[in-house]
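Everything below concerns the one structure shown next.
The values are calculated or read from the model by the stated rules, or taken from the named source; none is laboratory data. Here the structure is a predicted model, which means the values were calculated and not measured. Positions of Cβ are backbone-derived with ideal geometry, glycine not excepted, and every protein chain shown enters the neighbour counts.
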Amino acid sequence: MKDYLLLRLRTQTRQWAELGWWRAALLLVLLAAAGRQLWLVLATQPAAQWAVPPLLALAVVGGHRQRADLTFLQLTAPQYRRWLMGEYVVLGLLGAAWLLPFGYWWSALLTVLLPPLAVLLPPAAERTARTRRSLVRAEAFEWVSGLRRRTGWLLWLVLLAVAVWQREQSAAPALCLVAWLLLVTSFYDVPEPVEMLLSAARSPGQWLRGRLGWAVLYFGLTAAPFLVLLGLGAASWGGAAALLLWCLTVLTLVILAKYTFYPHVTIMRYAQGAVVALGFLILVHSVYAALLAAALVGLVWRSRYRLRTYRYD
């Protein structure tokens, strides 16, 4: 297990080294801002401690089921589950390190115990049956894949039912829409094969416009019922429009982060988590709006620069 953990550490270090100093610096700034705000929230709101264990567990489960080396580990190391449990315990200890300074012992214990349970879950199944080609599958492939992997339509219906049920409380539709946004951002946590970029991306701008355009279209359509409930309630149509603008901004940052750090899956997910956290930070304090604007400019620049590597003329 020690050799396996050292190998994972060297792999992560190598991925950071391959980023280049510009992208690494941008990612570190985002992570530092998110970490600082998390520290402040935990210090001032004790109830927030109970959000850490399930969020970390869900993140580990998502990463575990999409690991590309699970088949290799099964074939080469019969005791691979113990190795994975050790790795996930380490991740849990890192999460618990944020809770222990404030004396949150029980939530810290739960943070350590939940992630190793991910080894009991099977890897995500891949659909091998051929399906009829369509424009939606070809262009909005993130949504087609994400809705299937995350049982997206079922969760959307559940969130919509909750929003309708609690529509008298203006916060309910807003919270359900934010939950839907977080689910949608997970649709973009898997980089597409390089062959797709080589065959379709005649220019970085064209590819990014396509990805952002489909994201705005489908998110707008799925968010419409929640926005109607908000507009007809106490939040008014102005509040609904402001929430939609915020959601689209966060989704744009997530997509740009995907291509800024393409094709490094782990680093890409770090960046996406950081920009989502930054999106929430501007709701806490307006000073983070300047950092968000700087991050947006930096991600646009670096994502276009990164995609030039895969340009096909």
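Among the conditions (1) modelled with pLDDT under 80; (2) buried (at least 20 other Cβ atoms within 10 Å of the Cβ), His285 misses just one, which is (2). Of all residues in segment 97-111, those satisfying the criterion of being outside any loop (DSSP other than H, G, I, E, B) and within 14 Å of Leu38 (Cα to Cα) are Leu100, Pro101, Phe102. Is there a residue in segment 223-233 that is crowded, with 17+ Cβ neighbours inside 10 Å, among the β-branched types (Val, Ile, Thr) and either touching a helix residue (DSSP H, G or I) at 6+ places or on another chain (Cβ under 7 Å) or more than 16 Å from Leu31 (Cα to Cα) (or both)? Looking for residues that are crowded, with 17+ Cβ neighbours inside 10 Å, among the β-branched types (Val, Ile, Thr) and either touching a helix residue (DSSP H, G or I) at 6+ places or on another chain (Cβ under 7 Å) or more than 16 Å from Leu31 (Cα to Cα) (or both), one finds none in segment 223-233, hence no. Any residue in segment 252-267 that is in contact (Cβ under 8 Å) with a residue 60 or more places away in the chain, assigned to a helix (DSSP H, G or I) and surrounded by fewer than 20 Cβ atoms within 10 Å (Cβ to Cβ)? Within segment 252-267, one or more residues are in contact (Cβ under 8 Å) with a residue 60 or more places away in the chain, assigned to a helix (DSSP H, G or I) and surrounded by fewer than 20 Cβ atoms within 10 Å (Cβ to Cβ). Restricting attention to segment 256-303, which residues are under 17 Å from Trp207 (Cα atoms) and touching a Phe, Trp or Tyr at 6+ places or on another chain (Cβ under 6 Å)? The answer is Lys258, Ser303.
The condition of being over 23 Å from Leu56 (Cα atoms), out of contact with any Leu (no Cβ under 6 Å at 6 or more places or on another chain) and small (Gly, Ala, Ser) holds for only one of Ala234, Ala240, Ala163, that being Ala234.
Answer yes or no: is there a residue in segment 165-174 that is part of a helix (DSSP H, G or I) and of a type in the set (D, E, K, R). No; the residues of segment 165-174 include none that is part of a helix (DSSP H, G or I) and of a type in the set (D, E, K, R). Please pick out the residue among Arg82, Arg67 that is among the basic types (Lys, Arg) and either in a helix (DSSP H, G or I) or touching a helix residue (DSSP H, G or I) at 6+ places or on another chain (Cβ under 7 Å) (or both). None of the others qualify; the one that does is Arg82.
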